[in-house]
2 protein chains.
Amino acid sequence: MRAALNAARDAGAAGEVPVGAAVVLDGRIVAVAGNAPRALRDPTAHAEMLAIREAARVLGKDRLTDCDLWVTLEPCAMCAGAIAHARIARLYYGTNDPKGGAVEHGPRFFAQPTCHHRPEVFPGIGAQQGAALLRDFFAQRRR
Amino acid sequence: MRAALNAARDAGAAGEVPVGAAVVLDGRIVAVAGNAPRALRDPTAHAEMLAIREAARVLGKDRLTDCDLWVTLEPCAMCAGAIAHARIARLYYGTNDPKGGAVEHGPRFFAQPTCHHRPEVFPGIGAQQGAALLRDFFAQRRR
């Protein structure tokens, strides 16, 4: 989660909403990414999506079976869907997102009977640090 | 929808599940893509995602306000989330997908109170052709 938090911090410094993600296989970080929809001019460029795509590229396959995803914020529906498509084994995430989250909020994607793959889910990991990054970012924006 | 159906047919010929999508702005096709997770070794490479990302690249911005998305199959949660992030104005889709769809099935993403952008939705456009492509594809696989 430290790598994901660092990526979130870097994203915030670059003017993006500070969210970071890392894909880990056998205790080794395969891919790390920060949120970058503005920099990449890509509405799908959430940290989780970029980390999953990079991990798939590095590992040379479209299924990340046995990989874990660490992310500083509760994933949205797009990212939760991608996590299922990628067959991520375990999802560790930080701060809850009552507005945009899709794991414990809104569509609760992994709880849907139609969900074809459910990772093990571990919420609240590094939640304070992740939340502080977001709070500081939006506080600065409001000035 | 003709362009999306052609892209779906090409995807099927390449061994991918035959789904195609097109982004249209002011009656002009900005991007067309077929489903390609295997070819690209990318679990996020659904037709809608590729078309949205390409349209954002072509238009040079991360919001596709005023753009319409045409897709041959009901979008999944990942793609529905991306459609909302991209601020797609109108969504035209073909075949219903009771197993993986997230518009009229499962998470019914656009009906969630937390959904931050809802396109106008027009289902059933070219549904017979889209369904026939999928049926033929899976029938051949089972042989």
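Only the coordinates and a few stated rules stand behind these numbers; no lab work does. Note that this is a predicted model, so its numbers are computed, not measured. Cβ placement follows ideal geometry from the backbone for every residue including glycine, while neighbour counts extend to all protein chains displayed.
Annotations
- Divide the volume of the convex hull around the Cα atoms of the protein assembly as shown by the residue count and you get 121 Å³ per residue.
- DSSP bridge orientation in chain B - percent antiparallel, rounded to nearest 5: 60
- Computed magnitude of the charge dipole of chain B (debye, nearest 20; Cβ of K, R +1, Cβ of D, E -1): 300
- Hypothetical label at B:Asp136: residues of the stretch B:5-23 whose amide nitrogen lies under 16 Å (7 Å Cα-Cβ projection): B:5-20
- Ellipticity estimate at 222 nm from DSSP helix runs (n ≥ 4, -39,500 (n - 2.57)) divided over chain A, nearest 500: -11000 deg cm²/dmol
- Shown in residue order for the stretch A:55-62 are the 3J(HN,Hα) couplings computed by the Karplus curve 6.51 cos²θ - 1.76 cosθ + 1.60 at θ = phi - 60°: 4, 5, 5, 4, 7, x, 8, 8 Hz (x for Gly and Pro).
- Between the listed residues B:Ala45, B:Ala82, B:Ala127, the Cα displaced farthest toward the positive end of the dipole of the stretch B:1-142, a dipole computed from Cβ unit charges relative to the Cα centre, is found at B:Ala45.
- Over chain B: Kirkwood hydrodynamic radius from C-alpha pairwise inverse distances, Å: 14.7
- Counted by neighbouring Cβ atoms within 10 Å, the residues A:His46, A:His105 run from fewest to most as A:His105, A:His46.
- Length-normalised contact order for chain B - Cα pairs under 8 Å, 6+ apart - percent: 21
- Using Cβ point charges alone (K and R +1, D and E -1), the dipole size of the protein assembly as shown about the Cα centre works out to roughly 140 debye.
- Tail fraction, Cα-Cα pairs, the stretch A:38-92, threshold 16 Å, whole percent: 36
- Shielding by other protein chains, A:111-117, mean Cβ within 10 Å: 4
- Cβ-based exposure ranking for A:Thr95, A:Thr72, in which fewest neighbours within 10 Å come first: A:Thr95, A:Thr72
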